[in-house]
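Single-structure report; data block below.
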Amino acid sequence: LGTLEEQFHKMVRDGALLINTKGAAIGQANGLFIMEQWDYAFGQPVRITASCSLGEGDILSIEREVEMSGASFDKGHMILEGFMRHRFAQDKPLRLHATISCEQNYIGVDGDSASATEVFTLMSALAGLPLNQALAVTGSVNQFGEVQPVGGVIQKIEGYFKVCCERGLTGEQGVIIPKANAMDLMLNKEIVAAARAGLWHV
């Protein structure tokens, strides 16, 4: 296997990288990232998880704590912290300790397009309510909880679509993207055909 993308898909097929494309789970969701190799970029899903307990208001990114994240990723996480305090700590302390992680990430991450996924996983962990694992999410959030557009949305959709196709489309799989990104979509014929047949959703 000559490319990073081929190696990634082989690891998913072999079960070395854990990506769920069906079922439901509490505190975990599929985020969408862009990986770059020289002058080539491709999208890949990454499992994002959150766990919570009583605490003093700390919301930690494991990637940030171990210095495996870039400035844009750290900014997105700090904005997430601001959103949580704006929404839940106006008249009382935020008695929470939470950790958020991009699982099986050993090469570092950057960009803020996972912040919407982080919000979903954190809310799921807090409420004890499961998230649909057939869906993958991309989008950044601001401190008021508004979802903002992100880059590379076409490659991200194609990356998750390929993983789902290798496992067999169920009609429940798809991606959640910011509404503002809809005008950017120029998807390939295979994805368009699957969407028209009700086998894929955007």
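Here are some notes:
- When region 26-78 is filtered for residues that are over 17 Å from the mean Cα position of the chain (by Cα) and among the hydroxyl-bearing types (Ser, Thr, Tyr), the ones remaining, listed by number, are TYR40, SER53.
- Odd one out for ILE107 among (1) among the β-branched types (Val, Ile, Thr); (2) over 13 Å from GLY31 (Cα atoms); (3) at pLDDT 85 or above: (3)
- Contact annotation: residue pairs with Cβ atoms under 9 Å, 6 or more positions apart or on different chains, pairing a residue in region 183-202 that is more than 16 Å from LEU169 (Cα to Cα) with a partner that is open to solvent by 50 Å² or more (accessible area, probe 1.4 Å) and among the charged types (D, E, K, R), are LEU187/GLU158; ASN188/GLU158.
- Criterion violated by PHE161 - all others in (1) out of contact with any helix residue (DSSP H, G or I) (no Cβ under 8 Å at 6 or more places or on another chain); (2) open to solvent by less than 30 Å² (accessible area, probe 1.4 Å) satisfied: (1)
- Check on ALA127, closer than 23 Å to LYS75 by Cα and out of contact with any Ser or Thr (no Cβ under 6 Å at 6 or more places or on another chain): no
- Filter pass, SER101 being open to solvent by less than 20 Å² (accessible area, probe 1.4 Å), over 19 Å from GLN148 (Cβ atoms) and modelled with pLDDT of 90 or more: no
- Selected residue [surrounded by 21 or more Cβ atoms within 10 Å (Cβ to Cβ) and at pLDDT below 90] from ASP91, ASP184, ASP112: ASP112
Per-residue answers, yes or no, for (1) β-branched (Val, Ile, Thr); (2) within 23 Å of LEU17 (Cβ to Cβ); (3) in contact with an Asp or Glu (Cβ under 6 Å, 6 or more places away or on another chain):
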site	(1), (2), (3)
ALA134	no, yes, yes
ILE154	yes, yes, no
GLU158	no, yes, no
GLU166	no, yes, no
GLY174	no, yes, no
VAL202	yes, no, no
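- Condition check for GLN155: in contact (Cβ under 8 Å) with a residue 40 or more places away in the chain, over 30 Å from ARG87 (Cβ atoms) and crowded, with 16+ Cβ neighbours inside 10 Å: yes
- For region 9-63, the candidate set comprises residues that are in contact (Cβ under 8 Å) with a residue 40 or more places away in the chain and among the acidic types (Asp, Glu); within that set, the residue that is surrounded by the fewest Cβ atoms within 10 Å (Cβ to Cβ) is GLU56.
The values are calculated or read from the model by the stated rules, or taken from the named source; none is laboratory data. The shown structure was predicted, so the numbers you read here are calculated from the model rather than taken from an experiment. Reconstructed Cβ throughout: ideal geometry from the backbone, glycine too, with neighbour counts over all protein chains shown. These area figures cover heavy atoms from the full protein model, side chains too; ligands, DNA and RNA do not enter into them. Shrake-Rupley method; radii C 1.70, N 1.55, O 1.52, S 1.80 Å.
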